[in-house]
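**Student:** Pasting a structure below so you can have a look.
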Amino acid sequence: MTETTVATRRTPSPLLATLLGVSTMTIMASATITPALPGMERHFAGTPHAEVLVRLVLTLPGLAIMLAAPVLGHVGLRLGRVRVLAGGLVLYTVGGGSGLFLDSLPALLAGRVLLGVGIAAIMTTATALLADHHPSSQHGRVLGLQGAAMGFGGVVAMLLGGALAELSWRGPFAVYLLAVPVFFLVVRNVPEAPVVVREAGEPTGSPWTARLLGLYLLTFLSITAFYTIPTQAPFWLAELGGAGPVVTGAMIAGVNLVMTAIGLNYGRLRARWDFRVLAVVMFAAYAVGLVLIGTAANLWTAAAGMLVVGLGVGLSNPTLNGWAVASVEPGARTRALGLLTSVLFLGQFASPLIAQPIVGGAGLGATFLLGGGLAVLVALVLAGMALTRRARS
């Protein structure tokens, strides 16, 4: 009996570019339809509980990913990561594009489940393949580039989504068809990583260590706080300054522009600070940004808050993924990233369910303030742990 793990090698630029293109698909999956939520809610106004179900159209893929990602982490070891990645892009196209013609909320939600399985396949393999094809000394750079690519994809998704939502709430679903050319690039440019065979009984690492469990918790808290932006901001911005889909899409695109800038410079940040310091800065940015949004009296203040949140978002993907990759043996990499992906999208799914009672009882502004308060608490705990560790050292 043998266990296989991947060895590392330098990636040819077409392979790296393709994997970065694949990574844009994940953030486009959620951000794309955000500007269409108010129009979708009006269209389905006669459906019972439409106000919650419409938000679940945005976040239900998170539940599917939560369930599918750990399974697909194991499947990737058996069938190969590239096969799982290609299959995920097919499901992404079919499930995401189904919103172009389906005309009932239950059917839309079913399509979003299929989309979620596709995203799970993409996320559990794309990051692993980036790490597989690069030595550990390059992980900060390539994961930073991945974050930048995701940020750029978010900008494209929000601007296209906002423009298409002006035509119809169905318009943004067409953006999912961009996965079709990406699929063919994967088939052409992405080979399986070379493997090294380990003898039976040699440890390959566990995705259940104390450090990884802490990272899963940080991921859940991070996405729960941040996801008040795509799920609640369209309604808050409309209430605050009458913002329509185009303005909302442009403002949320600003978050992704900051994310792109952070990703492009993440290699330098990582060389200067360790993961703990970067995590403190990440949650501090969430806190400041969400408080600014919650207390905003006009769209300009809200926009400033969203840009500050973008700083935290830009740090989150490379910091949490990089910390996880650095904390696990290569043999357990796919399983750990599958669990991290599962927890991340559990947070996406849970965020509107947690926020909606607060919105109903205290209002949208208070919801953002409470999200900022949660981020403050996490930042203080992380800072305290970092200081304690430094004092012991």
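**Student:** Can you tell me the equivalent ellipsoid semi-axes for segment 114-181? Use √(5λ) from the Cα gyration tensor, largest first, whole Å.
**Tutor:** For segment 114-181, the ellipsoid semi-axes come out as 29, 15, 7 Å.
**Student:** Using only the Cα atoms of segment 166-313, what semi-axes does the equivalent ellipsoid have when each is the square root of 5 times a gyration tensor eigenvalue? Give whole Å, largest first.
**Tutor:** Ellipsoid half-lengths, sorted descending, are 35, 24, 15 Å.
**Student:** Then there's this: What ³J(HN,Hα) values, in whole Hz, does the Karplus curve 6.51 cos²θ - 1.76 cosθ + 1.60 give for segment 151-160 when θ = phi - 60°, with x put for Gly and Pro?
**Tutor:** Per-residue couplings from phi come out as x, 5, x, x, 4, 4, 4, 6, 5, 5 Hz.
**Student:** Continuing with the same structure: What list of whole percents do you get for P(r) of segment 321-366, with Cα-Cα distances grouped in 5 Å bins up to the one holding the largest distance?
**Tutor:** Spelled out per bin, shortest first, that is 5, 20, 17, 12, 11, 9, 10, 9, 5, 1.
**Student:** Using a 10 Å Cβ count of at most 14 others and DSSP loop calls, identify the longest part of the chain lacking such GluC sites (Glu not before Pro).
**Tutor:** After excluding every exposed loop site, the longest remaining stretch is 200-393.
**Student:** Give me the net charge for the shell around Gly80: Cβ to Cβ below 12 angstrom, other residues only, Lys and Arg +1, Asp and Glu -1.
**Tutor:** +1
**Student:** Taking a ≥ b ≥ c as the square roots of the Cα gyration tensor eigenvalues, with a/c under 1.5 meaning rounded and otherwise prolate when a/b beats b/c, else oblate, which class fits segment 236-393?
**Tutor:** Prolate, because a/c is 1.5 or more and a/b exceeds b/c.
**Student:** Relative to the longest principal Cα axis of the chain, at what angle does helix 333-362 sit, 0 to 90 degrees, rounded to 10?
**Tutor:** 20
**Student:** With labels modelled as points extended 7 Å from the Cα through the Cβ direction, what inter-label distance (nm, one decimal) is found for Ser104 paired with Ala210?
**Tutor:** Result: 5.2 nm between the two label points.
**Student:** Simple spin-label model, 7 Å along Cα-to-Cβ: Ala326 to Ala17 in nm?
**Tutor:** It is 3.0 nm.
**Student:** Just how far, in whole angstrom, is segment 213-256 from segment 279-300 if you go by their alpha carbon centroids?
**Tutor:** If we compute the Cα centre of each part, the gap is 11 Å.
**Student:** Counting only C-alpha contacts under 8 Å and six or more residues apart, can you give the relative contact order of the chain as a whole percent?
**Tutor:** Value for the chain: 27 percent.
**Student:** Quick check: the angle from helix 179-189's long axis to the longest principal axis of the chain, C-alpha only, nearest 10 degrees?
**Tutor:** For 179-189 against the chain, the angle is about 10 degrees.
**Student:** Quick one: which residues, 5+ away or cross-chain, put their amide H under 5 Å from the amide H of Ala193? H built at 1.01 Å from N.
**Tutor:** none
**Student:** Return the single residue from Pro61, Pro357, Pro38 with maximal mean-square fluctuation; model: Gaussian network over the chain, springs between Cα atoms under 10 Å.
**Tutor:** In this elastic network of the chain, the residue with the biggest mean-square fluctuation among Pro61, Pro357, Pro38 is Pro357.
**Student:** Rounded to the nearest 500, what is the 222 nm mean residue ellipticity of the chain from helices alone, with -39500 (n - 2.57) per DSSP H run of 4+ residues and division by all residues?
**Tutor:** For the chain, the value works out to -27500 deg cm²/dmol.
**Student:** Using a 1.4 angstrom probe on the protein heavy atoms only, line up Met25, Met66 by accessible area, largest first.
**Tutor:** So the residues, ranked largest to smallest area, are Met66, Met25.
**Student:** Each residue of segment 272-280 in turn: what ³J(HN,Hα) in whole Hz from Karplus with 6.51, -1.76, 1.60 and θ = phi - 60°, glycine and Pro shown as x?
**Tutor:** Couplings: 9, 10, 7, 4, 5, 5, 5, 5, 4 Hz.
**Student:** Under the Karplus relation 6.51 cos²θ - 1.76 cosθ + 1.60, θ = phi - 60°, what is the ordered set of whole-Hz ³J(HN,Hα) values for segment 136-150, x standing for Gly and Pro?
**Tutor:** Karplus-based 3J(HN,Hα) across segment 136-150 equals 4, 5, 9, 4, x, 5, 6, 6, x, 5, 4, x, 5, 4, 5 Hz.
**Student:** Let me ask something else about it. Rounded to the nearest percent, how much of the accessible area of the chain (1.4 Å probe, protein heavy atoms only) is carbon and sulfur?
**Tutor:** That fraction is 69 percent.
**Student:** Now, a different point. At q = 0.09, 0.15 Å⁻¹, what base-10 log of I(q)/I(0) does the Debye formula yield for the chain when every alpha carbon is treated as an equal point scatterer in vacuo?
**Tutor:** Debye output, listed in q order: -0.48, -1.37.
**Student:** Ala362 to His49: extension gain in nm, 0.36 nm per residue of separation minus the Cα-Cα distance?
**Tutor:** Here the segment from Ala362 to His49 would lengthen by 110.7 nm.
**Student:** Hey, what's the Kirkwood Rh for segment 57-214 if you take every pair of different alpha carbons, in angstrom?
**Tutor:** In segment 57-214 this quantity evaluates to 17.4 Å.
**Student:** Determine the distance separating the Cα centre of segment 344-371 from the Cα centre of segment 79-94; give it in Å without decimals.
**Tutor:** Segment 344-371 and segment 79-94 have Cα centres spaced 32 Å from each other.
**Student:** What number comes out for the charge environment of Arg389, summing +1 per Lys or Arg and -1 per Asp or Glu over other residues with Cβ under 11 Å away?
**Tutor:** Neighbour charge sum, excluding Arg389 itself: +2.
The values are calculated or read from the model by the stated rules, or taken from the named source; none is laboratory data. It should be emphasised that the depicted structure is a prediction, and the values quoted were computed from it without experimental measurement. Quick reminder, even Gly has a Cβ in these numbers, built from the backbone with ideal geometry, and neighbours come from all protein chains shown. The protein model used for the area step is the full one, side chains on, heavy atoms only, and it has no ligands, DNA or RNA in it. Shrake-Rupley method; radii C 1.70, N 1.55, O 1.52, S 1.80 Å.
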